[in-house]
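Asks: Here it is, the structure in full.
The values are calculated or read from the model by the stated rules, or taken from the named source; none is laboratory data. What you see is a predicted model, and the numbers here were worked out from it, not measured in a lab. FYI the Cβ positions are ideal-geometry reconstructions off the backbone, even for glycines, and counts take in every protein chain you see.
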């Protein structure tokens, strides 16, 4: 009796094994692929083993999603899997560009010849959206520079009085310089807040791009005063006992202030982009509007402050204070 059962069970087990077919997926765990910036297609790569003694031709690969149906499996290669070999199967996925959330599902592989009784094999797959393709970094960098340059030229035209070659004292940076302080603190705040609460799939700008913008505008804040200090010229000593001095010029003041305005406007824009990613869809428009208002106010403050500094006769101011040198005891404040 036992021998008869064994003789029947063994062929039955072999039949079940042959029904499964020789193909199997060697990947352990789910596969994750990301979309490419600006591209509607991406590729999924996983390994398929043919443990049989005959080659197997793949007839179809489908992506069966458990959530969105936007992603579709397209072409694949290779089509033929040699016997007793493992092959890396590359499947092209389309419909990735419009994703705003990750899509999960199974890549199902079917063979071409039905008589082999090869059951489909599947690879678990997660498709994540590509980074935003909006040109906000370049728009913000060059747009804020263009605005700062136009406003600076307007200030030069409005100032009128005096020449840009006239001497000016050294700049002063303190916490009363609200624009520079706002930019410095805003850059640090943007980096920290973006690292903690930034959404995994942003709509307008990636986390890396936003961090780079914060760092860039934070560094630009230092460029203006550095250029002013580096461009000053040496002034010969007029009286014995006086200390040697170096003087700046009004054109240097205008250039330094322009770099400061560039940094301020750019940082305001970066904070606006950060806010638009952290709030619900409707409120991102409000964040953009507030950023524009703050940029206009910064430009207005720049016009008033820089015009006053360009029109000031710093030599006369020093004489009134009892000093014959323009650079003592006065200084001009950064924005």
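Asks: Exactly one of these conditions fails for residue 38: (1) part of a strand (DSSP E or B); (2) at positive phi. Give me its number.
Replies: The number of the failed condition is (1).
Asks: Just one of the numbered conditions (1) under 29 Å from the mean Cα position of the chain (by Cα); (2) farther than 28 Å from residue 203 by Cβ is not true of residue 102; which one?
Replies: (2)
Asks: Does residue 92 satisfy being at pLDDT below 80, surrounded by 15 or more Cβ atoms within 10 Å (Cβ to Cβ) and not in a loop (DSSP other than H, G, I, E, B)?
Replies: Here the answer is no, as residue 92 does not meet what is asked.
Asks: Of 244, 280, which residue is assigned by TED's automatic domain parsing to the domain that holds residue 152, modelled with pLDDT under 85 and over 21 Å from residue 169 (Cα atoms)?
Replies: Every option except 280 fails the conditions.
Asks: To continue, here is another question. Please verify whether residue 297 is over 27 Å from residue 203 (Cα atoms), modelled with pLDDT of 85 or more, out of contact with any strand residue (DSSP E or B) (no Cβ under 9 Å at 6 or more places or on another chain) and in the same structural domain as residue 198 (by TED's automatic domain parsing), treating the condition exactly as stated.
Replies: yes
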